[in-house]
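J.: Take this structure, written in structure tokens, and hold onto it; I'll ask about it next.
The values are calculated or read from the model by the stated rules, or taken from the named source; none is laboratory data. Predicted model only: the values in this text are computed from it and were never measured. In this analysis, Cβ positions are derived from the backbone assuming ideal geometry, glycine residues included, and neighbour counts consider all displayed protein chains.
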Amino acid sequence: SVVEDAPALTDGFQLVIDALKLNDINNLYVVPGIPISDLLRMAQAEGMRVVSFRHEQNAGNAAAIAGFMTKKPGVCMTVSAPGFLNGLTALANATTNCFPMILISGSSEREIVDLQQGDYEEMDQLAIAKPLCKAAFRILHAQDIGIGVARAIRAAVSGRPGGVYLDLPAKLFSQVMDAAEGAKSLVKVVDPTPAQYPSADAVNRALDLLKGAKRPLVIFGKGAAYAQADETIRSFVEKSGIPFLQMSMAKGLLPDTHPQSAGAARSLVLQEADVVMLVGARLNWLLSHGKGKTWGKPGSKKFIQVDIEPREMDSNVEIHAPLVGDIASVMEVLLKGIEGGLTPPADWMATVAAKREQNVAKMAPKLMSNASPMNFHGALGALRRVIKERPDAMLVNEGANTLDLARGIIDMYEPRKRLDVGTWGVMGVGMGYAVAAAVESGKPVLAVEGDSAFGFSGMEVETICRYNLPVCIVIFNNNGIYRGTDVNPTGGNDPSPMVFVPGSRYDKMMEAFGGVGVHVTNPDELYRAVNEAMDSGRPTLINAVIDPAAGTESGNIGSLNPTSSVRKM
Ligand SMILES: Cc1ncc(Cn2c(C)c(CCOP(=O)(O)OP(=O)(O)O)sc2=O)c(N)n1
Ligand SMILES: [Mg+2]
């Protein structure tokens, strides 16, 4: 009959799904709506995991951290204009943090947008996205979907990873084409992240510096964690005997309790080291730009820097031995280069170890505090024990005091387990990261949240319940931003802009959606409640009451706050 002879057809909807699946992308982090609702239904019908959020920023953050965890681009899908704009913060944050992610947004028709004739959700999204991400593309024809998706994937993961925007006008989805032609138009991306070895000269330059060093130090950034070259990195550290620092999201690359860890002796090693090797760590504000009092006498350091991005070299200070290449390849060559001969002076190792032990001992009693309401140290001492006993759990962390103190107190034991605010120090990543951590790892997730930080993405507790994810949220409820003691200087009715409703019960929010809510006022209760949550795998929110006076303004970075010289606040 006529139907049997007609050539099989495909369409834009199907080609987008086929192109993603062909490239082993199976999870989508989304907020549905015009023009992508049917696309999402079809994707789910084709076996893709479609995780639907309450706000696009959280879907985007989930996609970004999925990229960091898997080295495949995390994919976020949104509707046009407002949905696209809500995804942009996550896209920009992914680019800043070098996480591979693709924001795919439906958009309005070119012919109407370009004449500014007032289309539904009219916006020139591609132009707006371009400055905020690593690459941006728009696809107008169904036969270009294969190459367009391939370009977005390669751009997201190749070289220094980052965020990519892919603009799909609504009419593209319903475009029909011959199915055989459509299949031929699809592209499976070949080798988007080839090994990039450094030159022999660069390796020798670096090895000479390391061999001549009296007080060497290695600093691992989250780029080193992202590389998934864990064994090579561990062998290099242990064969070289060099003390190491791990930036926040690199913690656990080697256990924080490793005998060569200098985490608890950070100030000493930054001051005293004479050769510093940066591996996937940028000399940005988090490392005081490599200069100033943090780094001891000016000019007292020689820097080696390992980075896939050549332009990172000399960004802040002179790099004496740049090593341009992918971290796995560079560390493989350096490991070979130190065979049979690189042991830093024993007195340097002893100095670092002594300082570390001294600081650990000084901190220990604070972590035993049983005060109620709790202070940060007592509460974090309980969570430190949980992670020590459950090293494979994922840890999400945001806030100010809640972030800064947790970073130093909760030791990590495995790579890519600590997911936090990263380079920007952005609030609001918590719930998106927690959802993706659970979806991508299948492991229990402990999200340690300041009460303000939680507020940016808190509606996703419904998402966590809807998918019944093993997420345990601990809210450090100190009734405010940094603490809960600020008052309105006028004595007027409005409270200070820095405080929240006193005695609030966030645990009731989780109960509202069928999750488990717990209210705790001391570290033992907190320890028990978290263990119960992790054993049950049930979505749980623990409202941990923290003394409102316990915090400090802006946690550890108060010095960044401008203050008035004419008016004391
Ligand atoms: C998107 C966004 N908005 C605002 C801020 C400013 N900010 C804000 C609002 C923080 C919240 C601190 O309060 P918290 O309750 O989360 O933590 P602590 O009370 O434990 O300090 S930390 C911080 O830098 C930010 N970093 N990111
Ligand atoms: Mg707070």
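J.: Quick check, is I475 within 24 Å of Y433 (Cα to Cα), of a type in the set (V, I, T), surrounded by 23 or more Cβ atoms within 10 Å (Cβ to Cβ) and within 12 Å of ligand 2 (Cβ to nearest atom)?
T.: So I475 passes the test.
J.: Tell me, yes or no, whether segment 556-565 has at least one residue that is out of contact with any strand residue (DSSP E or B) (no Cβ under 6 Å at 6 or more places or on another chain), away from ligand 2 (no atom under 13 Å from the Cβ) and within 29 Å of V439 (Cβ to Cβ).
T.: No, every residue in segment 556-565 fails to be out of contact with any strand residue (DSSP E or B) (no Cβ under 6 Å at 6 or more places or on another chain), away from ligand 2 (no atom under 13 Å from the Cβ) and within 29 Å of V439 (Cβ to Cβ).
J.: Mind telling me which of the residues T490, T463, T485 ends up being within 30 Å of T70 (Cβ to Cβ), polar (S, T, N, Q) and modelled with pLDDT of 95 or more?
T.: T463
Here's the yes/no breakdown for (1) out of contact with any helix residue (DSSP H, G or I) (no Cβ under 8 Å at 6 or more places or on another chain); (2) of a type outside the set (S, T, N, Q); (3) buried (at least 18 other Cβ atoms within 10 Å of the Cβ):
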| position | (1), (2), (3) |
| --- | --- |
| L469 | no, yes, yes |
| V487 | yes, yes, no |
| P497 | yes, yes, no |
| G515 | no, yes, yes |
| L526 | no, yes, yes |
| N531 | no, no, no |
| P539 | no, yes, yes |
| E553 | yes, yes, no |
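J.: Considering only segment 385-428, state which residues are assigned to a helix (DSSP H, G or I), among the charged types (D, E, K, R) and either within 16 Å of ligand 2 (Cβ to nearest atom) or in contact with an Asp or Glu (Cβ under 9 Å, 6 or more places away or on another chain) (or both).
T.: K388, D404, R407
J.: Let me ask another. Six or more apart or on different chains, Cβ under 9 Å: which pairs go from a residue in segment 539-562 that's touching a residue at least 40 places away in the same chain (Cβ under 8 Å) and on the phi > 0 side of the Ramachandran plot to one that's outside any helix (DSSP H, G or I) and among the polar types (S, T, N, Q)? Could you list them?
T.: Note: pairs meeting the criteria are S554/N561.
J.: How do the helices (runs of 4 or more DSSP H) wholly within segment 43-140 filter down when requiring 3 or more residues that are closer than 21 Å to Y226 by Cα and aliphatic (A, V, I, L, M): which remain?
T.: Because the criterion is at least 3 residues that are closer than 21 Å to Y226 by Cα and aliphatic (A, V, I, L, M), the helices (runs of 4 or more DSSP H) in segment 43-140 that meet it are 56-70, 82-97.
J.: Would you tally the residues in segment 171-183 being without any contact (Cβ under 8 Å) to a residue 60 or more places away in the chain and under 36 Å from the mean Cα position of the chain (by Cα)?
T.: 0
J.: Are any of the residues in segment 430-443 under 27 Å from G87 (Cα atoms) and of a type in the set (V, I, T)?
T.: Yes; the residues of segment 430-443 include at least one that is under 27 Å from G87 (Cα atoms) and of a type in the set (V, I, T).
J.: Any residue at all in segment 444-454 that is aromatic (F, W, Y), buried (at least 23 other Cβ atoms within 10 Å of the Cβ) and either under 15 Å from the mean Cα position of the chain (by Cα) or within 16 Å of ligand 1 (Cβ to nearest atom) (or both)?
T.: The answer is yes, given that some residue of segment 444-454 is aromatic (F, W, Y), buried (at least 23 other Cβ atoms within 10 Å of the Cβ) and either under 15 Å from the mean Cα position of the chain (by Cα) or within 16 Å of ligand 1 (Cβ to nearest atom) (or both).
J.: Among the residues of segment 468-482, how many are farther than 13 Å from M510 by Cβ and near ligand 1 (Cβ under 9 Å from one of its atoms)?
T.: 7
J.: Identify all residues within segment 93-127 that are under 34 Å from the mean Cα position of the chain (by Cα), farther than 30 Å from G280 by Cβ and of a type in the set (A, V, I, L, M); write none if there are none.
T.: M123, L126, A127
J.: Determine if segment 359-367 includes at least one residue that is out of contact with any strand residue (DSSP E or B) (no Cβ under 7 Å at 6 or more places or on another chain) and within 16 Å of ligand 2 (Cβ to nearest atom).
T.: Taking segment 359-367 first, the residues out of contact with any strand residue (DSSP E or B) (no Cβ under 7 Å at 6 or more places or on another chain) are 359-367.
If we keep only those that are within 16 Å of ligand 2 (Cβ to nearest atom) too, we end up with none.
No, that holds for no residue.
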